[in-house]
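Before we start, here is the structure in question, set down as structure tokens.
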Amino acid sequence: MNAVAQLNSSRFSVSCRGITKEFSTGDTKTLALRGIDMDIAPGELTLLAGPSGCGKTTLISVIAGLLKPTQGDVTVLGSSLIHMRGGALVRFRAQHIGFVFQQYNLLPALTAAENAAVPLLIAGRPRHAAIAAARRQLEILGLEGRTEFRPNQLSGGQQQRVAIARALIHHPSILVCDEPTAALDAVSGSQVMQLLTHVAIEAERVVIIVTHDHRVFQYGHRIIHLADGRIEKDERNEWDASHLSQGNVAPSSSPNSAGCSIRKVD
Ligand SMILES: Nc1ncnc2c1ncn2[C@@H]1O[C@H](COP(=O)(O)OP(=O)(O)OP(=O)(O)O)[C@@H](O)[C@H]1O
Ligand SMILES: [Mg+2]
């Protein structure tokens, strides 16, 4: 890597270059991503928006190393995921990436605390310490009293918060959330967004959130709009969202009600 490329990549924790992804199902081919170039910096909340089927989940799955792109390269924390093989990729993901799945993907036989503890157990943390840390994280997310419940004993919103706890528990540098507020009421959704904003700003991490939820837009420092597998618009909120990480309730459901203005990123 030359000096200029090194300087550029050090400013960003995630870089995508020429990403395409084609799925084949029988005779049907779907080009879900059609050439994505983007860089995502730590310390701010990046939202990924766009209509159903436009490629949001596919893109974050590529960024998180869960899916190989058909073409292109994705670099996370300076390492190309494309060239990382099996075990190394699994270890890299376990150490650096937290992922909240759209369908939660909790393990049905495990309790909420055990589910949330999984990344720490994989990392070799003793069970009692991992479970204790998981209980604390679940309490932060308002799930005290539910830590010993199994997923089928929890509401959709409670399961979603267990999935968020599991993604946060190992303090990953890169946190990727697919519709993390979809099943939450306004108050819980606002609390989760304040927590994610705090994680991005205070801990200087990359936080990428896929959302359809217009209530969430006010929290984003940057909003990338996808349409039909391409980036259609890349906007930046001009306001400072740090107040949202300090326990203040979100101003209202309107993206501009916090007095923010949106400008296009050049
Ligand atoms: N495993 C797969 N096999 C075949 N096609 C797929 C697969 N995964 C996604 N697709 C197709 O790729 C396109 C993009 O899907 P993706 O899940 O990324 O959309 P999305 O923007 O996340 O939508 P939503 O908002 O509904 O979750 C869709 O047309 C979908 O049918
Ligand atoms: Mg999706």
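Readers should treat all values here as calculations from the given coordinates under stated rules, not as data from a laboratory. Keep in mind that what you see is a predicted model, and the values were worked out from it rather than measured. Backbone-built Cβ (ideal geometry, glycine too); neighbour counts: all protein chains shown.
If each of E232 and E144 carries a label point 7 Å out from its Cα toward its Cβ, how far apart are those two points in nm?
4.4
For K21, which aspartates and glutamates qualify as cross-link partners when the Cα separation must be under 20 Å and same-chain residues fewer than eight apart are set aside?
List returned: D37, D39, D73, D178, D228, E232.
Let me ask something additional. Which three extents, in angstrom, do the Cα atoms of the stretch 1-136 have along their principal axes, listed largest first?
45, 45, 29
I need the calculated FRET efficiency for the pair L107 and S155, taking r as the beta carbon distance and R₀ as 25 Å, to the nearest 0.05.
Efficiency computed from Cβ-Cβ geometry: 0.90.
Separate question: Measuring from the lowest to the highest alpha carbon on each principal axis, how far does the stretch 64-104 reach, largest first, in angstroms?
On the principal axes, the stretch 64-104 reaches 28, 22, 18 Å in Cα extent.
For the residues T30, T181, what sequence is obtained by ranking on other C-beta atoms within 10 Å, fewest first?
Placing the least packed residue first, the sequence is T30, T181.
Ranked by Cβ crowding within 10 angstrom, fewest neighbours first, how are S24, S155 ordered?
Taking fewest neighbouring Cβ atoms as first place, the list is S24, S155.
Separate question: Bin all alpha-carbon pair distances of the stretch 75-139 at 10 Å intervals from 0 and give each bin's fraction as a whole percent.
19, 43, 29, 9
Still on this model: Using amide H atoms built 1.01 Å from N in the peptide plane, name the residues 5+ places from L33, or on other chains, whose amide H lies under 5 Å from its own.
Result for L33 returns K21.
Please list, in order, the residues from the stretch 163-180 whose amide nitrogen is less than 12 Å from a point placed 7 Å along the Cα→Cβ vector of Q95.
173
With only alpha-carbon atoms in the gyration tensor, what are the semi-axes of the equivalent ellipsoid for the chain, in Å, largest first?
28, 24, 19
Moving on. Going by how many other Cβ atoms sit within 10 Å of their own, how do I164, I122 line up, fewest first?
I122, I164
How large is Rg over Rh for the stretch 132-231, taking Rg from the Cα atoms and Rh as the Kirkwood inverse mean of 1/r across Cα pairs?
The Rg/Rh ratio comes out at 0.98.
Please list the three semi-axes, largest first and in whole Å, of the ellipsoid equivalent to the stretch 124-183, using sqrt of 5 times the eigenvalues of its alpha carbon gyration tensor.
18, 16, 9
If you stretched the chain out fully between D185 and Q71, how much longer would it get, using 0.36 nm times the residue separation minus the C-alpha to C-alpha distance?
Result: 37.1 nm gained on full extension.
Related question: Hey, what D do you get for the stretch 32-73 in µm²/s if you plug the Kirkwood alpha-carbon radius into Stokes-Einstein at 25 °C and 0.890 mPa s?
Using the Kirkwood radius from Cα pairs, D works out to 214 µm²/s.
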